[in-house]
Amino acid sequence: MKKIYLVFIILLFVFTGCQVKTIKDKDKSVIMCSTEVIDDLVRAVGGDFIETSLAIKSGNDPHSFSATERDIIRITDSSLIVYNGGGLEGRLEWALSKIGNITPAVSIIKNIPEDKLIYKDKVLNPHIWHDAMLWKSVVTFIADNLVKMNEENKQVYYQNEEIVLYTLTSLDKYIKEQVALIPKEKRVLVTEHDAFAYFGKAYGFETLSIQGISTYSEVYSIDINELADILIEKNVDTIFLEATVPARNIKLLQSTLKARGHFVKIGGTLYADTLGHNNTYDKMMRHNIDTIVRALSNK
Ligand SMILES: [Zn+2]
């Protein structure tokens, strides 16, 4: 029955010409994770009892995700789907709504208390993982869902949960220590899209961006000239690139400011929506704060 339904579902999607491959080690539960950040957390809690299947490949922009035939096969072959939600993963939620309940799917953001979420113009900002303590609150949710799937591995999942919680506490402490090295008046983070709102709230930065919460839009949250006015007024001298977003808008902002006699440097590349070469969430977060401290402090 599942196979007949699967064929029907695939017909709903655009045929991509990809060769379909099914997954993987039959002895392990396969968890499909939408992003690398989620994949890293699920693997840390699941350990050797699970395998993951990553929906949005490293370096790809989650905001522009659209499910292919191969993705639909992987979704239906998985034991569980873990995704961020809140509109982060392009058309993934739409695809899941079309597929129905054939595979259990859980949204991380739906588990976050409403008063912890950040909205702008009534639109939810989905980039919750940039606050290490808020991300810590997701760990138990992941462990509970893995236990629900494999009750017999409960002890290992909860042991792994404790290790991950400890790692996140250490990370949060490290970020706070590093932020203390930056003069208070320099704690302004200017990036391409509004991915660092949770980071800013947690660690005391004002955040400004050219685009809104998504990179996948021609609608800009702010006019470049309007943003230039704000940066001149605040005497901001550093702006940042993002790993999955073309540099052209940040370069345009830099040249707009230069034409008005205000020089800003590029402070480095931050990882907003991907892990990139960092490979783990912990390394990605440390890369970001180290880059920010190098650029904004007198270190
Ligand atoms: Zn983003």
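Structure values in brief
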item: Checking Asn225 against (1) more than 15 Å from the chain's Cα centre (by Cα); (2) under 26 Å from Ala180 (Cα atoms), the condition it does not meet; result: (2)
item: Only listed residue being touching a residue at least 60 places away in the same chain (Cβ under 8 Å), basic (Lys, Arg) and part of a helix (DSSP H, G or I), chosen from Lys98, Lys148, Lys136, Lys110; result: Lys98
item: Filtered residues of region 128-140 (kept if surrounded by 17 or more Cβ atoms within 10 Å (Cβ to Cβ) and at pLDDT 95 or above); result: Ile128, Trp129, His130, Asp131, Ala132, Leu134, Trp135, Lys136, Val138, Val139
item: Extreme residue, surrounded by the most Cβ atoms within 10 Å (Cβ to Cβ), among residues of region 227-285 that are away from the ligand (no atom under 16 Å from the Cβ) and on the phi > 0 side of the Ramachandran plot; result: Gly268
item: Qualifying positions in region 179-194 - assigned to a strand (DSSP E or B) and either open to solvent by 10 Å² or more (accessible area, probe 1.4 Å) or polar (S, T, N, Q) (or both); result: Val188, Thr191
item: Some residue of region 271-283 being acidic (Asp, Glu) and part of a loop (DSSP other than H, G, I, E, B); result: yes
item: Residue in region 107-127 that is more than 16 Å from the ligand (Cβ to nearest atom), modelled with pLDDT of 95 or more and touching a Cys at 6+ places or on another chain (Cβ under 8 Å) present; result: no
item: Candidate set: region 43-82, residues that are part of a loop (DSSP other than H, G, I, E, B) and surrounded by fewer than 18 Cβ atoms within 10 Å (Cβ to Cβ); chosen: the one nearest to the ligand (Cβ to nearest atom); result: Asn60
item: Search result, residues across region 195-218 that are open to solvent by 30 Å² or more (accessible area, probe 1.4 Å) and part of a loop (DSSP other than H, G, I, E, B); result: Gly204, Ile213, Ser214, Tyr216, Ser217, Glu218
item: Count - residues of region 169-184 that are in contact (Cβ under 8 Å) with a residue 24 or more places away in the chain and of a type in the set (D, E, K, R); result: 2
item: Single residue of region 195-214 satisfying the filter (within 18 Å of Val179 (Cβ to Cβ) and within 13 Å of the ligand (Cβ to nearest atom)) that is nearest to the chain's Cα centre (by Cα); result: Ala195
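The values are calculated or read from the model by the stated rules, or taken from the named source; none is laboratory data. From a predicted model like this one, the values you see are computed outputs, not experimental measurements. We place every Cβ from the backbone using ideal geometry, glycine too, and count neighbours over all the protein chains shown. Quick note on the areas: whole protein, heavy atoms, side chains included, nothing else; ligands and nucleic acids left out. Shrake-Rupley method; radii C 1.70, N 1.55, O 1.52, S 1.80 Å.
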